[in-house]
Amino acid sequence: MTTSGELAHHRHPGDPLPPLRDRVEATLHNVELRGALRVMATRFNDAREVAISAPGIAAMKERGTAIRAAGVQDLRANLARAEVSLRGLGVQVHHAGTGAEAAELIADLAEARGVRRAVKSKSMATEEIDLNYHLEQRGIHVVETDLGEWIIQKASERPSHIIAPAVHKTRPQITQLFSDLAGGDLPDEREELCAFAQQQLRGEFLTADLGISGANFVCADTGTIVLVTNEGNGRLTTSLPRVHVALVPVEKVLAHFADLATMVPLLIRHATGQQLTSYVTMIHGPRRDGELDGPDEVHVVFLDAGRTALLGTPFESMLRCIRCGACLNVCPVYGTIGGHAYGGVYPGPMGAVLTPLLSGLDEGSELPGATSLCGACSAVCPVGIPLADLLVELRAAVASHAPRRTRRAFFALWSRAWSSPVLYRWSARAANRARRWPRLARRLPVARAWGEGRDLPAPVPETFHDWWRRDRSAAR
Amino acid sequence: MSPQVALFVTCLVDQVSPETGRSAVRLLEAAGCEVTFRTGQTCCGQPAFNSGYPADARRLARHFVDVFADAEAVVAPSGSCVAMVRCYYPTLFTGPERTRVEAVAAKSYELTEYLVDVLGRPDLGAHVDTTVAYHPSCHLLRELGVRDAPRRVLDAAGAPVVELVDAERCCGFGGTFSVLHPEISVPMADEKLDRVVATGARTVAACDTGCLVHLATRARHRGLDLTVRHVADIVADGLA
């Protein structure tokens, strides 16, 4: 039996996963986790609802959708322009076709520059390529500096939410963790805990030779690398160490700097419900002559890892995603099972779509089926990704990629039978009759699954078809 | 001339809650409609579509369109089945066939939507004094965009409607999801049922039999003293 603790534990891409059902049940047994999820969802959802009900936000959402749709459509051209702009600013640009290539490239780059210590600001892309592990393999000391990321790094866990990585941990658990690190009891108070983390991290910033970040956006026309953060760690990570490497998934490129006026507030309002984060960092290359701050070298590593393969497919719209996390917060399945149960790096509706698309239909192929298709994700998405429709589309892709013979045969037979009114009515009566013997009926697979926690629906005296025929047709 | 309505009862109503079909007939007739029931009808095909078998769904969609092609209006007591017809049928077809499908899609309505938004008849002369917690089912709300019609029908009948906390959160039915993932689906029902219990209302209503059967059979399994009913059934009971 898997426990939620085991599930939270850091895993490397390709590590075996327990089946989805075991993962879900491990989470359901963790009452503390379910409480934490509920608190998180309410806090984020309430804040977002206020932030997006402000005047002009609906129009901003439309503009954002158009910007991202056009940006994705011209992705290759935008990427080429971004590269030219970045080089013009003195940024060294690299391309990685796969996650493994990206991790190797960054580790080589660090090694060649004699890097011993690295600090990181929060980046899901680096989680995707398991970068910390690769750097540690080369003997490089890596420290996460986002508070949530630092917490889970210290706990040897993995993020359970794309913008609130430690959302699965309660404050008492964090107090315990920090007390163990401090070698003495720390008070269970927010300020004290943050002060402890800040004091620990400050030294890391000052001694690191490499700063690693992701990017929320990169502007093709100006080469601007944009980071939105609340803790200031992003700014320290990208300005104190002598080398800065930004790992940028290719779809993060915006055509125009002016697009930021829409995209930055749209992202933030949907992510944290703030009007603006405490810091919006815009990086234009390394430190220039006469400047006091900034790294000697800035590198951008563009990560493809299955993304451009989605261009021109029914899944292209997924590349619009700006990682705001709103779909996780509104998702009733995410709210029930939590992020770790999804198994991959990206949880929730966006993860259920992205994981099978990026990892191939063999990994995460069960995720699109594990959704109720309620559509809350599609409705909240700031860039109009029809997530629920993509989940259905993926179910079809999975059904043809790895055919389940019984299921396929069932639907083929069923759709033929129910295209015939006579067979439909006959099977309806038969199913109704079967419910008169619930103990026998429960042996049928569908009824057995339904019966897990639910009674079977009681049989009815007659179907509507039979009632109409008896009552209405006769009367006329 | 009275509006001609072709009733689509849906396979779930037909087999699990035929009373809801009879209630729909009564409501439509109370609104002055002439209701016909085309006995060739079967199922909208959504289970196949949502399971990733669009070709099988197309087979049933074609049958549905054949049955209802010449109807003036198709009305069903289900937001989800109508959403399948209106929003997704057209995506299954191309060319001239698509035009024919789109025509049927455009004249298909959920029951309360038809009564309120098409006929402008939320008040059917029914009197209901049961306090009702209304659960807006997902596809009715988000795919058809019907938010107020069921509440207006209940309001017009005098039923006190109480608002659920997190009302727009899914109840966990999700069609095939409910049998493929009972381990997720059932806790979602519990969350919804707990919200209902917290309102103090003894009755929870919705406009989709799938959600209702899921909630009712879970409530029964837990021994909760709750009545789970279709909006049409509640209002039909209040008709003279």
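Read the figures in this text as sums done on the coordinates, not as results from a lab. In this text, all values refer to a predicted model and were calculated from it rather than measured experimentally. Note: ideal-geometry Cβ built from the backbone for every residue, glycine included; neighbour counts use all protein chains shown.
Summary of values
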{"quantity": "Shape of chain B, Cα gyration tensor, a/c cut at 1.5", "calculated": "oblate"}
{"quantity": "Computed label-point distance, nm, for sites A:A59 and A:R138 using a 7 Å Cα→Cβ extension", "calculated": "4.9 nm"}
{"quantity": "Residue exposure sequence - A:E452, A:E251 - by fewest surrounding Cβ within 10 Å", "calculated": "A:E452, A:E251"}
{"quantity": "Shielding by partners - mean other protein chain Cβ count within 10 Å, residues of A:332-338", "calculated": "6"}
{"quantity": "Ranking of A:E144, A:E32 by count of other Cβ atoms within 10 Å, fewest first", "calculated": "A:E32, A:E144"}
{"quantity": "Greater than 20 Å apart at Cα, pairs in A:K61/A:K252; A:K169/A:K252; A:K61/B:K192; A:K122/A:K252; A:K120/A:K154", "calculated": "A:K169/A:K252; A:K61/B:K192"}
{"quantity": "MRE, 222 nm, helices only [DSSP H, n ≥ 4, -39500 (n - 2.57), over the protein assembly as shown, to nearest 500]", "calculated": "-14000 deg cm²/dmol"}
{"quantity": "Within the range B:64-96, backbone nitrogen closer than 15 Å to the virtual label 7 Å beyond the Cα of B:E34 toward Cβ", "calculated": "B:71-73"}
{"quantity": "Sorted by Cβ density within 10 Å, fewest first, the residues A:T3, A:T238, A:T371", "calculated": "A:T3, A:T238, A:T371"}
{"quantity": "A:R443-A:D188 pseudo-label distance in nm [points 7 Å out on the Cα-to-Cβ vector]", "calculated": "5.3 nm"}
{"quantity": "Computed E for A:H9/A:R416 - FRET, C-beta separation, R0 41 angstrom, nearest 0.05", "calculated": "0.30"}
{"quantity": "Using θ = phi - 60° and Karplus 6.51 cos²θ - 1.76 cosθ + 1.60, couplings along the range A:260-266 (whole Hz; Gly, Pro as x)", "calculated": "4, 4, 8, 6, 5, x, 4"}
{"quantity": "Equivalent-ellipsoid semi-axes of the protein assembly as shown, from the Cα gyration tensor, Å, largest first", "calculated": "51, 26, 23"}
{"quantity": "FRET E, pair A:S179, B:E163, Förster distance 25 Å, beta-carbon r, rounded to 0.05", "calculated": "0.05"}
